[in-house]
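Before any comments, here is the structure.
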Amino acid sequence: MKSIKYLLFAATVIILSIIGCKKDKVSTTDLEIRIVDEQGIYVSGTSVKLYKSSADMQNDTNQLGVTQISDVNGKVTFSNLAEETYYWFAERGCTNNSNGINTTPALDLNMTRVVTTTLSGTGTLKFTNTSPDQYQIYLNGYLLFTANAGYTYTYVYVPVDTYYIEAIQVNGSTDETFTDAIICGSTVTVTFP
């Protein structure tokens with residue numbers, strides 16, 4: 001009887017020792033972003049910046065933490081985040097995620113949200129109105145904006161593609177057309193009239 005009590009006592013001590021030595025697992029709220037190209041292949045060496053608002057992301061202000069660089073698996077992880085919505089900008093050379101996913105719903109406490117973002121090629125479109133007149137600028141048949149006299153307008157992160165551009169004088173008869181292609185990293189300048 002004594003030996004059974006001793007065995008029970010010894011087993012209890014061992015179990016309590018194991019439980020007492022076990023460290024509590026600290027859970028964090030993380031955002032894991034996986035970067036892929038347009039073919040779905042993971043892209044390493046991509047810089048990723050995290051923001052709390054779309055305006056901060058667009059203006060590159062109030063970045064959260066440091067810029068992360070994607071590893072060989074195209075992955076970056078931002079840790080110890082609040083349960084909020086986040087925005088990010090991923091860029092490698094002339095490719096970026098400006099024309100795709102760059103936000104997520106509010107994160108869940110003590111969970112890792114995994115998202116995939118796709119990099120695509122972009123360039124810049126620059127319009128210069130050298131005339132004293134206003135012009136309406138159409139891009140692929142759609143009104144883009146009205147160009148005031150003497151102004152230059154610049155659009156960045158325009159997707160790689162071929163564009164048909166019309167510059168139509170607002171109070172006149174001048175109508176000019178341009179066709180040009182944006183390739184990754186290029187700037188297409190349209191000067192009118």
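Among ALA149, ALA90, ALA82, the largest mean-square fluctuation in a Gaussian network model of the chain (Cα springs under 10 Å) belongs to ALA149. Its Kirkwood hydrodynamic radius, worked out from the mean inverse distance over all distinct Cα pairs, puts the range 30-118 at 12.9 Å. Gain on full extension, evaluated as 0.36 nm per residue between GLU32 and VAL114 minus their Cα-Cα distance, stands at 29.0 nm.
A Förster radius of 41 Å, combined with the Cβ-Cβ distance separating ALA149 from GLN39, puts the computed FRET efficiency at roughly 0.35. In terms of other Cβ atoms within 10 Å, GLU176, GLU166, GLU83 run from fewest to most in the order GLU83, GLU176, GLU166. A simple spin-label model places pseudo-atoms 7 Å from Cα toward Cβ; at ASP60 and ASP175 they are separated by 4.0 nm. Note on GLN134 and THR67: the model spin-label points, each 7 Å out from Cα along the C-beta direction, lie 4.0 nm apart. With the simple model of a label 7 Å out from the Cα in the direction of the Cβ, ILE101 to GLU83 spans 2.2 nm.
GNM remark for the chain: springs join alpha carbons under 10 Å apart, and the peak mean-square fluctuation among THR116, THR77, THR61 falls on THR61. Helix 2-21 axis versus longest C-alpha principal axis of the chain: approximately 20°, rounded to the nearest ten.
The antiparallel fraction among DSSP beta bridges confined to the chain stands at about 75%.
Taken over the chain, the convex hull of the Cα atoms encloses 157 Å³ per residue. Result for the chain in a Gaussian network model with C-alpha springs under 10 Å: among THR117, THR174, THR67, the largest mean-square fluctuation is at THR174.
Rule-based calculations on the coordinates, nothing more; no lab input. Being a predicted model, the structure only gives us computed values, none of them experimental. A quick note on method: Cβ atoms are made from the backbone with ideal geometry, for glycine too, and the neighbour counts reach across all protein chains shown.
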